[in-house]
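See below for the structure under consideration.
The values are calculated or read from the model by the stated rules, or taken from the named source; none is laboratory data. Since the structure is predicted, the reported quantities are computational estimates derived from the model, not experimental observations. Cβ sites come from the backbone with ideal geometry, for glycine too, and all protein chains shown count toward neighbours.
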Amino acid sequence: MSFSDDLDAWLAQAWDPDLTVSQWWQRLAAAGYAAPTLPCGFGGRGLSSEDAHVVTSALAGRGALGPPLGVGLSLVAPTLVLKGTAVQASRFVPRIVDGSEAWCQLFSEPDAGSDLASLQTAAVRDGDEWVVDGQKVWTSDGHHADWGLLLARTDPARPGRLGITVFAFSMHQEGVVVEPLRDMTGTAEFSRVTISGARVPDSHRIGEVNEGWSVVQAALAQERSGYHPTGDGGLVRVHPGRGAGNLDRRAGDAAGDPASSRIYAISAAELDDLVDLARARERIEDRVVRQQLARLHTLVVLGRLHAQRGDFPGSANLAKLLFTATYRVARDVGTTVAGPDGMLADGLVPEITLFSPGPSIYGGTDQIQRNILAERVLGLPRDPRPPQNAGSSHQG
Ligand SMILES: Cc1cc2nc3c(=O)[nH]c(=O)nc-3n(C[C@H](O)[C@H](O)[C@H](O)COP(=O)(O)OP(=O)(O)OC[C@H]3O[C@@H](n4cnc5c(N)ncnc54)[C@H](O)[C@@H]3O)c2cc1C
């Protein structure tokens, strides 16, 4: 039996919309389909990212709820497998994969975004613990996270990327204040996190003291390789963890809830919806609209082909750039077709339009992706940088 026959057979008997979200995620995790690229033994199947996309498409095709949303699965679990201790991986990874715990990424600060290595949040050793003070911002899902992957400066004498350490940081403790920040989509997906005298045990340190930059690079590589240019192909995912309130919902309701399905990437499904919109608004014969739709179609196909090429130097950066370009073209098609009144209704056009700046910022801006391609892949001369942080550009 081929891999996809096996998957289809499993899905036919395993997907049950009457399960709770938590029960469904446990089933998905036990079969290795929640995080298919993780190694066997860590809740995965050791599949390539292309085969993982086959899993995503099969779940979407059946109308099943997708694996837990957010950085836990996409970034933290693979980083812990690569860089954590065996004890850390067995403590954290299974609960990420089955969605029982939620994570956030505590990287960016008010003065440290693209130049992540200028971060100032400090962790000071106190016996078997570290005491943390500082502020993080843009923390997606911070308000319902149980844990944060925290970057902190552990040697203030060392500038830039030296002297940074990574921790698995509990969000449920005194000294952690999470303030949701509302963006122009009307939702508050990210937060400002103020940390004052909070504590983290040394056993939750990931990697060596002051050598967190290699952990950061591993995490960012994971994050970027997770950007499939055509996204999840319409698969609905919801947030994990007790705080998000999804675990006890009926899985079928979560999968069918329009509020669950933010459009994080443009796939053939969104393209079809835009074609339908152009027909409904009698703009399908308009030459400009046709050109834009053809361009979007080309990008969606290119995205799929790019993903099929597998991994090569710069592939993740190219995938991210293709993903953001596709999103912007979809925004342009949508606003051209719908016109100004498109902004007055709920639905595809306002959602894509208002969210469209986000993808080209998070996970490293488009300019940073291009710098990485130019300097690290093509070997072009380095971009000038401020002397104290030379070599530190990131980001996530
Ligand atoms: C929706 C969303 C979710 C996010 N979620 C998270 C999260 O969960 N956790 C987290 O830690 N962060 C998160 N971020 C933050 C994100 O990683 C940063 O916003 C991003 O890295 C850019 O940093 P900045 O906002 O400080 O902009 P800056 O770094 O100040 O950049 C401003 C502009 O200057 C350009 N620029 C900067 N440096 C260079 C350079 N060397 N060469 C050329 N151009 C340059 C940038 O491309 C950008 O256009 C999120 C952001 C968004 C929009």
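Data table
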quantity	calculated
Boolean, R304 is part of a helix (DSSP H, G or I) and either away from the ligand (no atom under 16 Å from the Cβ) or modelled with pLDDT of 95 or more (or both)	yes
Whichever residue in the stretch 86-123 is away from the ligand (no atom under 15 Å from the Cβ) and free of Cβ contacts under 8 Å to residues at least 12 places away in the same chain and, among such residues, is surrounded by the fewest Cβ atoms within 10 Å (Cβ to Cβ)	A86
Test: residue in the stretch 356-371 that is closer than 30 Å to I164 by Cβ, within 16 Å of the ligand (Cβ to nearest atom), part of a helix (DSSP H, G or I) and touching a helix residue (DSSP H, G or I) at 6+ places or on another chain (Cβ under 7 Å)	yes
Lone unmet requirement of (1) touching a Leu at 6+ places or on another chain (Cβ under 7 Å); (2) closer than 17 Å to D146 by Cβ for A198	(1)
Residue match in the stretch 45-60 (condition: farther than 16 Å from A29 by Cβ and in contact with a strand residue (DSSP E or B) (Cβ under 6 Å, 6 or more places away or on another chain))	no
Residues (touching a residue at least 12 places away in the same chain (Cβ under 8 Å) and small (G, A, S)) located in the stretch 263-299	A265, S267, A268, A269, A278
Candidate set: the stretch 128-162, residues that are part of a loop (DSSP other than H, G, I, E, B) and within 13 Å of the ligand (Cβ to nearest atom); chosen: the one modelled with the lowest pLDDT	D141
The stretch 201-233, subset β-branched (V, I, T) and at pLDDT 95 or above, residue farthest from the ligand (Cβ to nearest atom)	V209
Residue count for the stretch 174-200, restricted to those that are over 14 Å from A123 (Cβ atoms) and either surrounded by 13 or more Cβ atoms within 10 Å (Cβ to Cβ) or at pLDDT 95 or above (or both)	16
